[in-house]
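See below for the structure under consideration.
The values are calculated or read from the model by the stated rules, or taken from the named source; none is laboratory data. None of the values given here were measured: they were computed from a predicted structure. Methodologically, a virtual Cβ is constructed for each residue, glycine included, from the backbone with ideal geometry; neighbour enumeration extends over all protein chains shown.
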Amino acid sequence: MTEETVLFAGTTEGRRLSELLAQAGIAHTVCVATAYGEIVLKPHPLVHVRQGRMNQAEIADFLREGGFTLAIDATHPFAEEVTSNIKAAIKACRGAEREIAYLRLRRDAGRREESGVAYFETNEACARALADTTGNILLTTGSKELSRYCENEAVKARLYVRVLPGMESLALCMEQGVRGKRIIAMQGPFTAELNEAIIRQYRIAYVVTKESGASGGYPEKLEAARKTGAKVFVIGCPREEEGASFAQVCDALEKRIGRPLGQNAPMEIVLAGVGMGREDGLTKAVEAAVREADILLGAERMLAGIASGQEKHPFYQAGQIIPYLRDVQETNGFAHPRKVVILFSGDSGFYSGCKSLYAALEKEIKENRLAASLHVLSGVSAVSYLAACVGESYHDAAVYSIHGKALCNLAGRIRKNEKTFLLTSGVRDVNYIGEALLAAGMPECEIIAGCQLSYPEQRIMRLSPAACVEMKEEGLYTCLIKNPCADRRRLTHGIADERFIRSASPHGNVPMTKEEVREVSICKLRLREGAVVYDIGSGTGSVAVEIAGLSDDIQVYAVEQKQEAAALIEQNKEKFGLENIRVVNAAAPECLSGLPTPTQVFIGGSNGRLEEIVSALRRKSKSVRIVVNAVSVETLCEIRRILSMYRIKEEEIVQLQVSRARRAGSHHLMQAGNPVWICAFEFDGMGTKA
C-alpha cells in the first residue's frame, strides 16, 4: 500500500486492526485521545502514535499535513461527535491533490432484551431515574459522563465508578469528588465472574452501562447482574449504526493492498497437573509442555518450583486468566500462535480447579471470544504420593477434600472407613480433623499427616486427634486417617424408636413418626445420592435422622415451628453425629423460600396449612417427590382434594396398620396402632388442572 493510512482508535477492534496492519508491513498513524490510549497500544516500528483530542479544524489540518489517503474511523460508537468531526474534516479536504477514502469500523452491539433491564436515551435521563432508587450504583460508562451522575448528591453518594487506569480518568473522578474505594480503575473487558465479584463486594443494586456490544463486555455485565439480582440501566446505542464489521473492514483493506492481512492463528492452552509442585515431580508430558510454553500461569508456589525463562504470571482463577488471555490475543496479534500452560497442583482431575476453568475457557472458545485449542494433562495427586511414602494402598480408602470448605459429616465418614485420605487447606484443617474425631468419641484414630510433600522440608508425622488439635506449624498438609474401629455400614435404615430423645423435660413427649411407618414413608421418597430433603413438621427429627444417616451426601432440612421440638431435633442430630441436618425453627411455608430447592419432601405435620405448603413446594420445584402422612380420614380427604387441583404422576396411597406385641403375664397380646395413610406423588410439570 503506497498511500498513507490514519487510524482513529478508541476500541479494542481499533487496536486489533493496528496490529494486523503492522504485521502486514503497512506503516500507519494511530490517533488516540488520551495518554492511556497510547499506553495500551503495542509498540511497533511501523506504527506512529498521535495522542490528544482534536476538533474538526485540527483534524482537517492534520489530514492535509500528513498527506493521508485513507482514514479508518474505529472510535467508540458513543463518540458521535468525534465521528462527525472526522467526516466533516475529510469533506473539507476534498479538492486537495489526493482524495481521502473513509472506512467506518462498526462495533456490533448484540442487543438482547432481558428482564431487570431498563433502557435510557441519554445519561441525563438515566441519572434522573437513579435519583428515585436506593442502593449502591456501579457506573461503567466511563469518566467523561461522570459529571452528569454527580449533579445529584444523593446519587453521587451511592456511586462506585469503574474507569480506565489513566491519569485523565482519575483526575475527572477527583474533580467530581469521587475518591478512595469508590474508584475501580481497571482495563476491560471483564468476565462475568469478575463483574459478579465486584457487584457482590460493593453490594451493587444498579449497574449503569452503555450497550457496548460483545467486545465491550456488555453480555458479561448482563449475566453478572442476572446472577446477583442487580438491576441494569442501559444507555442505548446511537440510532445511526453505519459502518462495516471488523471482518468487512479487513476485507476492504486486503483488496486495497492486494494480499491477506494475516489469519487468526489460535493459541494453544494446556491445563497441566504438576504433582506436588517440584519440577522433578512432573510427568514427561507436563515437563515437555512447560518447556515448550511461551507463557506459564498458576499460583506463585507452583511457578516458583519451575525453573524456566518463560513469561510467568501468578494467575490461577478464571476471573484473572480469561481477561489476560483475551489481552494476549489482542495485543500479541494473530500471525503467530502462543502456547499457554496453566499449572494446577496435584492431579488436574482430582479435586482440582481445573474442571471449572476448563468449562469457562471452553465457553470463551465456543462463543468466539478466544481463538484457542484446549486440552488437559494429568499429574501425580497428593494422595498417591502420600500413600507411596507410607507404603499404603488407596484403592480401598475413602478420599475427600476439605480444601477451602468444611466437609459435611467428616467424623461420620471417617467412622465408616478403615482408611480415609483428606486433602486440606493448611494447619487449621488439621486442627479441625482432631476436634471432629474427639467430639465424635474416636480418640483411637491415627492421623498420618504429610506436610510440604516432595519439598526439601517434607515431614511425615503420625499423630493422635489430640496432637492434631495442638498443631501450630503452617504448611500444605495431606492426611491419612486410620480407624481401627471402623463400623460396617448398615445396608438398611431402621432405628428403634427408643433410641430417640423424646423430651427435654419429664413432661410429655413430642410427637414422633413410629418406626415401621417411618421406614415405609422413607422408601416411598425414592431417595438418591445428593438429595436435598425437607422434613416438614419434623417433631423429634426421627425421619430427618433416618434419612441423613443413609448418606453423607444427602442434605436434610428439618422444619419445625415449635421451639421445644426444634431443640430435641438438635439433640438427636448431635446424638447420632449427623452434620448434614439443618434445623429450621420456623413455620412452613414461609420459611421455605430461603431454603435450597428440594428433591424430596416428607410432610409429617402441617399445622392445618397443607394446601399452602404443597402450593409453595410446587413453586420451588416442578419435579419434587412428596410423601404426606395422614392419621385421620379428614386429613386423607384434604390430601385428595389438594391433589385434585394439580396434574400429578407416580401417585401412591398406602394404608399401613402396625400391631406390636405386649406382655400380659406369661402371654403376648397384639396391640394395634392407629392406621396411617402414606400418600406419595410427584408433579408432572404441566401446572394446575383447568
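Restricted to helices (runs of 4 or more DSSP H) entirely inside region 385-487, those with at least 2 residues that are closer than 29 Å to Gly281 by Cα and out of contact with any strand residue (DSSP E or B) (no Cβ under 7 Å at 6 or more places or on another chain) are 427-439. Scanning for something β-branched (Val, Ile, Thr), in a helix (DSSP H, G or I) and either assigned by TED's automatic domain parsing to the domain that holds Glu546 or surrounded by 15 or more Cβ atoms within 10 Å (Cβ to Cβ) (or both), does region 657-672 turn up at least one residue? So far as region 657-672 goes, no, none of its residues is β-branched (Val, Ile, Thr), in a helix (DSSP H, G or I) and either assigned by TED's automatic domain parsing to the domain that holds Glu546 or surrounded by 15 or more Cβ atoms within 10 Å (Cβ to Cβ) (or both). Residues in region 567-575: is at least one of a type outside the set (Val, Ile, Thr) and either in contact with a strand residue (DSSP E or B) (Cβ under 6 Å, 6 or more places away or on another chain) or within 22 Å of Lys620 (Cβ to Cβ) (or both)? So far as region 567-575 goes, yes, one or more of its residues are of a type outside the set (Val, Ile, Thr) and either in contact with a strand residue (DSSP E or B) (Cβ under 6 Å, 6 or more places away or on another chain) or within 22 Å of Lys620 (Cβ to Cβ) (or both). Taken over region 117-139, the criterion of being touching a helix residue (DSSP H, G or I) at 6+ places or on another chain (Cβ under 7 Å), surrounded by 16 or more Cβ atoms within 10 Å (Cβ to Cβ) and closer than 13 Å to Leu159 by Cα is satisfied by Ala127, Leu130, Ile137, Leu138, Leu139.
Each row is one residue, and each column tells you yes or no for (1) in contact with a Gly (Cβ under 9 Å, 6 or more places away or on another chain); (2) under 30 Å from Ala565 (Cα atoms); (3) outside the structural domain of Leu282 (by TED's automatic domain parsing); (4) not hydroxyl-bearing (Ser, Thr, Tyr).
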site	(1), (2), (3), (4)
Glu418	no, no, yes, yes
Gly426	yes, no, yes, yes
Ile448	no, no, yes, yes
Glu470	yes, no, yes, yes
Glu474	yes, no, yes, yes
Val520	no, yes, yes, yes
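Whether any residue in region 325-342 is within 25 Å of Leu386 (Cβ to Cβ) and either buried (at least 21 other Cβ atoms within 10 Å of the Cβ) or modelled with pLDDT of 85 or more (or both) is what I want to check. Yes.
Counting only residues that are at pLDDT 85 or above and surrounded by fewer than 21 Cβ atoms within 10 Å (Cβ to Cβ), region 257-289 holds 6 of them.
Listed here are the residues, each with its yes/no results for (1) of a type in the set (A, V, I, L, M, F, W, C); (2) under 29 Å from Ser84 (Cβ atoms).
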site	(1), (2)
Glu151	no, yes
Leu159	yes, no
Arg182	no, no
Phe190	yes, no
Ala197	yes, no
Glu220	no, no
Gly229	no, no
Val249	yes, yes
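With respect to the conditions (1) on the phi > 0 side of the Ramachandran plot; (2) in contact with a Pro (Cβ under 7 Å, 6 or more places away or on another chain); (3) not acidic (Asp, Glu), Ile613 lacks only one, and its number is (1).
Are any residues in region 488-500 among the basic types (Lys, Arg) and not in a loop (DSSP other than H, G, I, E, B), and if so, which ones? Within region 488-500, Arg499 is the sole residue that qualifies.
Scanning region 673-690 for residues that are at pLDDT below 85 and under 24 Å from Ile522 (Cβ atoms) turns up Gly673, Asp684. For region 76-116, taking the residues that are among the hydrophobic types (A, V, I, L, M, F, W, C), assigned to a loop (DSSP other than H, G, I, E, B) and buried (at least 17 other Cβ atoms within 10 Å of the Cβ), the one that is modelled with the lowest pLDDT is identified as Ala109. Filtering region 47-67 to residues that are touching a residue at least 24 places away in the same chain (Cβ under 8 Å) and in contact with a Ser or Thr (Cβ under 7 Å, 6 or more places away or on another chain) leaves Val47, Gly66. Scanning region 235-250 for residues that are outside any loop (DSSP other than H, G, I, E, B) and either surrounded by 14 or more Cβ atoms within 10 Å (Cβ to Cβ) or modelled with pLDDT under 60 (or both) gives Ile235, Ala244, Phe246, Val249, Cys250.
So, in region 1-60, exactly how many residues are among the hydroxyl-bearing types (Ser, Thr, Tyr) and at pLDDT below 85? Total satisfying the criteria: 5.
Ala293 meets the conditions (1) more than 26 Å from Ala247 (Cα to Cα); (2) small (Gly, Ala, Ser); (3) at pLDDT below 80 in every case but one. The failed one is (3).
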